Structure formats: C-alpha cells, structure tokens
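Trainee: Below are the structure tokens for one structure; questions will follow.
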Amino acid sequence: MDKRILKRRIDVAAGREEADLVIKNGKIIDVFNGEVITGDIAVADGYFVGIGNFHGKKTVDAAGCYVSPAFIDGHVHIESSMISPREFAKLELPHGVTTVIADPHEIANVSGVKGIQYMIDSSEELPFDVYFMLSSCVPATNFELSGAKLEIEELLPFFDHPRVLGLAEVMDFPAVLNGEDRMLEKILETKRRGAKIDGHAAGLQASDLNVYMSAGIRTDHECTTAKEATERLQRGMYLMIREGTVAKNLKALIKVVNDRNARRCLFVTDDKHLDDILYEGTIDHNIRLAINEGVDPVTAIQMASINTAQCFGLEEKGAIAPGYQADFLLLDEMDTLKISHVYKGGKLIVEDGKLIDFPEQEQTVKVSELINTVQFNPLNEADFQISIKEKRANIIEIIPNSLITKHLVEEVKVNEQGLFQTSIRKDQLKLAVIERHHLTGHIGVGIVKGLGLQSGAIASTVAHDSHNLVIAGVHDLDMKVAAMKIKEMQGGLVVVNEGKVIAALPLQLAGLMSTSSYQEVLTNLELLNVGLKKVGVTEEFNPFLTLSFLSLPVIPDLKLTAQGLFDVKNFKHITV
C-alpha cells in the first residue's frame with residue numbers, strides 16, 4: 001500500500017471523503033464480542049474503513065439482512081474436488097467462502113514442485129484467495145511409493161511467496177517423535193521464518209500431543225471423538241472441526257465447544273467432492289450443522305471466519321471492522337444461513353446464488369508436465385490373486401463416513417489352489433494398489449469389507465497420499481479392465497461390469513484433476529453414480545472417496561499400499 005491509498009482510507013474513515021461503498025440498514029455480526037450491532041458500513045479500496053454514519057459513491061440497502069464476514073476454509077485439498085483452482089473458486093463463492101488455506105499435498109505427491117507451482121499459478125488473479133501450506137510429507141512416510149520426494153531444499157523457494165503461510169499437515173509422527181533430521185529441518189526452517197505448522201494427529205494419545213506441541217505444531221484436523229478434541233484443546237492446539245465427503249466429524253466434536261474455548265475452534269472440509277460442494281455446501285454446511293447441534297449462530301460464524309484468520313495470522317481477514325478486507329455476505333436469515341449476496345474486496349460477486357462477476361479467461365498455466373503420469377507394466381488376471389495359507393485373513397473393514405478403518409480377522413473362502421475367493425454374501429472383496437509413477441511393478445493386494453459391490457469393479461488414481469492406482473472388485477477380469485481404462489485415460493475414475501467400462505471420469509492433471517469445467521465433470525460424476533448403482537455399491541457413503549483413503553497408511557487401523565497390507569498402529573507391513 002502506498003501513502004496515497006493510506007491517506008484516502010484515513011480520510012474516508014474520518015468522514016472527510018466519500019466511501020466507495022456504504023452498506024446501510026444491516027444487522028452487523030460482531031465476531032469480536034459475539035453479538036449483533038447496527039450502523040453504516042463504509043468501504044474504501046476494498047477495505048472496511050468504518051462503522052457509524054457514512055456517505056458513499058454507491059449505497060446498498062441491506063434491508064434488515066445480517067452482514068457477516070465471509071467464510072474461510074482452514075484446511076482443504078482442492079484436488080479432492082477434481083477440478084482446477086479456478087473452477088473450484090466458482091463453486092465455493094456462492095457458498096460464502098472467499099478464502100481457503102490449501103495443502104497441495106495430493107498433486108505434490110504425484111508431480112512434486114511442478115505440482116505446487118501449478119496450484120499457485122492457477123490460483124492467481126482470482127476474486128478468491130487461495131493461501132498455501134507447503135506439503136511437509138511427500139511421500140507421506142518413508143516407505144511409500146509416491147511420484148515425488150520433497151525435502152526442505154525443494155520447499156525453500158516457495159516460502160517467499162506472499163500466499164504461502166507455512167508447513168502443511170505433519171503426518172509422519174514417528175519422524176517427529178524420533179527427531180529425524182529431514183523432518184526437523186523442515187520444522188526448524190518454518191519456525192525461523194515465523195510461519196505456521198499444521199498437524200495431523202490421527203489416533204495420537206495425549207502424551208503424543210506433547211511431542212507435537214513441543215515441536216511447534218499447533219493444529220489438528222484428524223479428531224474423531226470428543227475426548228480427542230478436548231485433549232487437543234487442553235494442550236493448546238487449535239481444533240479443526242472437519243466435515244467433508246468421507247470424514248464427517250462435526251457432530252462428534254461440536255459437543256466440546258463452549259463459550260470458554262470456542263475461539264480456539266475452526267471449521268475445515270479437508271476433502272470434498274464437487275457434487276457435495278455444489279449441492280450440500282462447504283463451510284456454510286459446517287455452520288448449519290453446528291447451529292442444528294445447538295451452537296449459537298454468531299459463535300458458529302466466528303468459527304468460520306475470525307478464528308480461522310487468527311489461527312493462520314491473516315490479520316486483515318475474518319471480521320466486519322475497520323482495517324479488514326471487505327469480504328462479506330448478506331444473509332436473509334442467520335439460523336439457516338441463507339446467503340443472498342457475496343462481496344469480495346467490496347465488489348458484489350454473487351447474487352442469489354449466481355456468479356455475476358468472474359474473470360472470463362483463465363490465465364495461461366503450463367500443464368504439459370502434469371499429464372501422462374499413469375505408467376505401469378502390462379497386467380493379467382493373476383496379478384490380482386491372493387494366496388492364503390490358512391482360511392483366516394487380515395481384512396480392511398470400512399467404517400462408513402470415516403477415514404479410520406477396522407482391522408478384522410475373518411474366515412475367508414479359499415479354492416483348491418490356495419487362492420482367496422471373493423464373497424458377495426460376506427462382503428469380502430479384492431483390493432489392489434498398483435504403483436503408477438516409476439514402473440516399479442509393485443502391486444499390493446488385500447481384502448476389503450464394507451463396500452458392498454455385488455459385481456464388477458471400481459478404480460481410481462485418486463488414492464491418498466501417494467495416488468497410485470487403487471481398485472476394488474468382485475472379479476479379477478473386471479479389475480484388469482478397470483486398470484487398463486485408467487491407463488488409457490491417463491488418470492481418473494471408472495466403473496466396470498462384466499468386462500465392460502460402464503462409466504468413466506478422465507482426470508488428466510496428475511490423475512487428480514480435470515481440465516474441463518465443473519459442469520462437465522459434474523455430468524460425468526452423475527454417470528459414475530448411475531454406474532455405481534448397477535454394480536450395487538452401498539449408498540451409505542461416497543464409495544470413490546472412501547476407496548481413495550484405503551491406501552493412506554497414516555490413518556488407523558489397516559490400509560493397503562503398493563507394497564502390501566499395512567498395520568498403521570504397529571507401523572509395519574503384514575501379510576494377508
């Protein structure tokens with residue numbers, strides 16, 4: 001900001017000059033005192049400059065609407081929406097979200113620094129603020145087979161970018177606990193720069209949190225119980241309350257929020273499919289759920305705005321107050337959070353749910369290095385066979401709407417050759433993870449329970465965090481056909497039945513995101529849902545997003561990697 005702009009803001013605030021915009025007759029949500037106040041709101045150069053009595057070049061009559069700060073998503077992987085940051089912004093803005101804190105961890109695991117650079121470049125010059133936390137664990141653990149490896153040397157240049165806020169979710173807890181040099185170097189460099197560090201404390205006990213906090217890690221979004229939430233707040237962490245497409249933790253955690261600790265709590269989505277964002281909402285959905293669970297509406301809005309801003313040191317965001325960016329909403333109703341208008345930097349961008357001011361052309365961003373990322377050797381049906389010496393096997397059991405799985409030991413059907421046979425009656429299906437980055441030939445196979453497939457197979461290159469090819473199926477042939485279709489598309493999601501592809505969604509960018517508009521992707525998603533019904537997948541949860549987390553070996557209890565079945569609690573591979 002130069003002196004001229006500063007002087008003008010002061011002059012408008014002092015009433016010596018007209019504001020660019022004045023909002024009158026609104027009920028202002030004061031997130032500092034947790035109450036509703038009245039007064040004219042003056043905006044100059046995209047910032048609030050006063051609350052009181054003002055005149056402006058343009059006046060908006062709020063007509064008794066609530067004036068709320070716009071919402072901030074405290075932790076999100078944009079890649080999980082399967083669309084580019086530009087298309088993602090188009091979905092988020094109508095829901096009142098004007099700012100997100102993104103972790104480009106998914107694309108970084110596939111394409112390294114090129115992936116991070118793409119996410120930064122493609123989110124420039126949008127009426128939507130995308131801040132970044134730099135991916136701390138690429139790969140997620142030292143035994144993972146990801147497409148890239150990022151050490152502090154690769155991350156350092158990004159720290160100088162004004163939209164980089166710190167180090168993203170530190171999920172390799174053993175590396176922190178054991179003081180491994182590569183992890184300590186990332187943490188120390190982040191702390192030297194006064195930047196933030198996010199945590200990932202899935203399954204960690206209170207004593208483990210002592211280690212995290214001592215290392216300077218200050219947030220966690222992996223709580224699943226009220227007890228865990230309380231322990232994190234007791235240790236001084238910010239509690240990120242997550243409600244995504246798979247992980248739905250809000251109802252379990254919101255019980256711990258009270259008048260004394262609410263300012264240490266904020267909302268995140270983490271991973272959410274675009275159809276859920278479009279139809280259900282994003283942070284606005286979290287707020288509605290919290291209100292329905294008994295949280296005071298103003299407190300819920302605090303958690304979606306000023307709390308998140310303060311957690312990440314965004315000193316000019318999150319409130320309707322002088323000196324804050326004029327990102328705000330007009331709400332017809334506060335209890336139901338009915339959003340009528342969205343303003344970004346003092347400019348109206350959404351009216352009655354429709355974008356009215358969004359850049360027509362996307363800036364030219366280099367994507368050639370992010371395509372053709374699916375490479376693996378020719379497959380045959382034998383690659384999906386599982387040898388079982390005894391009739392009991394270790395099985396991954398899905399917990400609906402949770403990233404956590406159960407480690408079951410059950411009797412399974414074995415043929416005369418000692419090979420596992422799937423069982424629709426017992427819901428015991430095959431699961432495979434195929435390394436797709438470096439032609440290593442690694443294929444991990446296991447047994448999964450809870451998907452409910454009656455026939456066919458489903459497959460995806462969205463497979464956290466290394467994003468190898470993950471396939472679940474009843475028949476080996478269908479699993480092979482699914483894999484080959486994925487390779488042909490160079491990434492995406494497919495449904496196969498009786499040897500034929502019945503639905504597919506290409507994801508050309510790193511096998512994670514589409515180059516198409518969100519409307520085109522939505523059409524393909526709807527066709528996928530039709531295909532899923534044909535193969536009988538359960539409708540209790542999102543099967544593709546659930547599938548994508550079955551290969552994540554940093555969340556308990558049992559997962560599958562390209563190197564085999566992984567016992568998360570004991571942090572080691574085991575046999576089926």
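The values are calculated or read from the model by the stated rules, or taken from the named source; none is laboratory data. Note that the structure is predicted; figures quoted are calculated from it, not measured. Using ideal geometry, Cβ is built from the backbone for each residue, glycine included, and neighbour counts are taken over all protein chains shown.
Trainee: Working carefully through the options 503, 463, find the one that is of a type in the set (A, V, I, L, M, F, W, C), in contact with a strand residue (DSSP E or B) (Cβ under 6 Å, 6 or more places away or on another chain) and surrounded by 24 or more Cβ atoms within 10 Å (Cβ to Cβ).
Mentor: Details: 503 fails: surrounded by 24 or more Cβ atoms within 10 Å (Cβ to Cβ).
Step by step, each of 503, 463 is checked, and only 463 is of a type in the set (A, V, I, L, M, F, W, C), in contact with a strand residue (DSSP E or B) (Cβ under 6 Å, 6 or more places away or on another chain) and surrounded by 24 or more Cβ atoms within 10 Å (Cβ to Cβ).
Trainee: Could you grab me the full set of residues in the range 537-554 that are among the hydroxyl-bearing types (Ser, Thr, Tyr) and at pLDDT below 85?
Mentor: Just the residues of the range 537-554 that are among the hydroxyl-bearing types (Ser, Thr, Tyr), to begin with: 538, 546, 548, 551.
Residue satisfying the conditions is 538 alone.
Trainee: Now for a different question. Please enumerate the residues belonging to the range 292-309 that are over 12 Å from residue 29 (Cβ atoms) and surrounded by 19 or more Cβ atoms within 10 Å (Cβ to Cβ).
Mentor: Of the range 292-309, the ones over 12 Å from residue 29 (Cβ atoms) are 292-295, 303, 307-309.
Residues satisfying the conditions are 295, 303, 307, 308, 309.
Trainee: Next question, about the same structure. Just to be sure I understand, how many residues within the range 343-376 are surrounded by 17 or more Cβ atoms within 10 Å (Cβ to Cβ) and over 25 Å from the mean Cα position of the chain (by Cα)?
Mentor: The number of residues fulfilling the criteria is 2.
Trainee: Still on this model: Based on what the data block shows, is residue 25 out of contact with any helix residue (DSSP H, G or I) (no Cβ under 8 Å at 6 or more places or on another chain), of a type outside the set (Val, Ile, Thr) and in contact (Cβ under 8 Å) with a residue 24 or more places away in the chain?
Mentor: Details: out of contact with any helix residue (DSSP H, G or I) (no Cβ under 8 Å at 6 or more places or on another chain): yes; of a type outside the set (Val, Ile, Thr): yes; in contact (Cβ under 8 Å) with a residue 24 or more places away in the chain: yes.
In short, yes.
Trainee: Restricting attention to strands (runs of 3 or more DSSP E) lying wholly within the range 343-455, give those where 1 or more residues are hydroxyl-bearing (Ser, Thr, Tyr) and more than 30 Å from residue 518 (Cα to Cα). Talk me through it step by step, then tell me what you get.
Mentor: On the way: elements: 347-351, 392-398, 405-411, 428-434, 443-449.
Filter on the range 343-455 gives 405-411.
Trainee: Residues 239, 253, 204, 209: which one is over 19 Å from residue 170 (Cβ atoms) and not aromatic (Phe, Trp, Tyr)? Don't jump to the end; show me each part of the working.
Mentor: Numbers: 239 fails: over 19 Å from residue 170 (Cβ atoms); 204 fails: over 19 Å from residue 170 (Cβ atoms); 209 fails: over 19 Å from residue 170 (Cβ atoms).
Result: 253 is the single residue among 239, 253, 204, 209 that is over 19 Å from residue 170 (Cβ atoms) and not aromatic (Phe, Trp, Tyr).
Trainee: Next question, about the same structure. Do any helices (runs of 4 or more DSSP H) entirely within the range 107-224 hold 2 or more residues that are more than 21 Å from residue 571 (Cα to Cα) and not assigned by TED's automatic domain parsing to the domain that holds residue 470, and if so, which? Spell out the reasoning first.
Mentor: Working: elements: 152-155, 173-177, 181-192, 206-214.
Hits in the range 107-224: 152-155, 181-192, 206-214.
Trainee: Continuing with this model, one more query. Do we have residue 486 as part of a helix (DSSP H, G or I) and farther than 13 Å from residue 546 by Cα here?
Mentor: Taking the combined requirement at face value, the residue satisfies it.
Trainee: In the range 279-296, what residues are of a type in the set (A, V, I, L, M) and not in a loop (DSSP other than H, G, I, E, B)?
Mentor: Result: 283, 287, 289, 290, 291.
Trainee: Enumerate the pairs (first residue in the range 180-195 and touching a residue at least 12 places away in the same chain (Cβ under 8 Å) and surrounded by 15 or more Cβ atoms within 10 Å (Cβ to Cβ); second residue anywhere and in a helix (DSSP H, G or I) and aromatic (Phe, Trp, Tyr)) with beta-carbon separation below 9 Å, excluding pairs fewer than 6 apart on the same chain, so at least 6 apart or on different chains.
Mentor: Sorted first by the residue in the range 180-195, then by its partner, the pairs are 189/159; 190/159; 195/159.
Trainee: Please find, within the range 544-576, the residue that is surrounded by the most Cβ atoms within 10 Å (Cβ to Cβ) out of those that are within 16 Å of residue 140 (Cβ to Cβ) and of a type in the set (Ser, Thr, Tyr).
Mentor: For the range 544-576, the residue satisfying everything is 551.
Trainee: Of all residues in the range 540-576 being assigned to a loop (DSSP other than H, G, I, E, B) and polar (S, T, N, Q), which is nearest to residue 418 (Cα to Cα)? Let's see the steps before the verdict.
Mentor: Applying the first criterion (assigned to a loop (DSSP other than H, G, I, E, B)) to the range 540-576 yields 540-542, 549-557, 562-563, 568-571, 575-576.
Pick out the ones that are also polar (S, T, N, Q) and you get 542, 551, 563, 570, 575.
Working: 542: 33, 551: 25, 563: 21, 570: 28, 575: 15 Å.
Ranking the qualifying residues of the range 540-576, first place goes to 575.
Trainee: Same structure again: Taking the condition without any contact (Cβ under 8 Å) to a residue 60 or more places away in the chain and not in a strand (DSSP E or B), does residue 462 pass? Steps first, please.
Mentor: Values: without any contact (Cβ under 8 Å) to a residue 60 or more places away in the chain: no; not in a strand (DSSP E or B): yes.
So residue 462 fails the test.
Trainee: Within the range 219-241, restricting attention to residues that are in contact with a Lys or Arg (Cβ under 7 Å, 6 or more places away or on another chain) and either without any contact (Cβ under 8 Å) to a residue 60 or more places away in the chain or not hydroxyl-bearing (Ser, Thr, Tyr) (or both), which residue is surrounded by the fewest Cβ atoms within 10 Å (Cβ to Cβ)? If you could, list the steps in order and put the result at the bottom.
Mentor: First pass over the range 219-241, keeping only residues in contact with a Lys or Arg (Cβ under 7 Å, 6 or more places away or on another chain): 220-221, 223, 226, 233, 237-239.
With either without any contact (Cβ under 8 Å) to a residue 60 or more places away in the chain or not hydroxyl-bearing (Ser, Thr, Tyr) (or both) added as a condition, the list becomes 220-221, 223, 226, 233, 237, 239.
On the way: 220: 27, 221: 26, 223: 25, 226: 14, 233: 19, 237: 21, 239: 26.
Across the range 219-241, the extreme among qualifying residues is 226.
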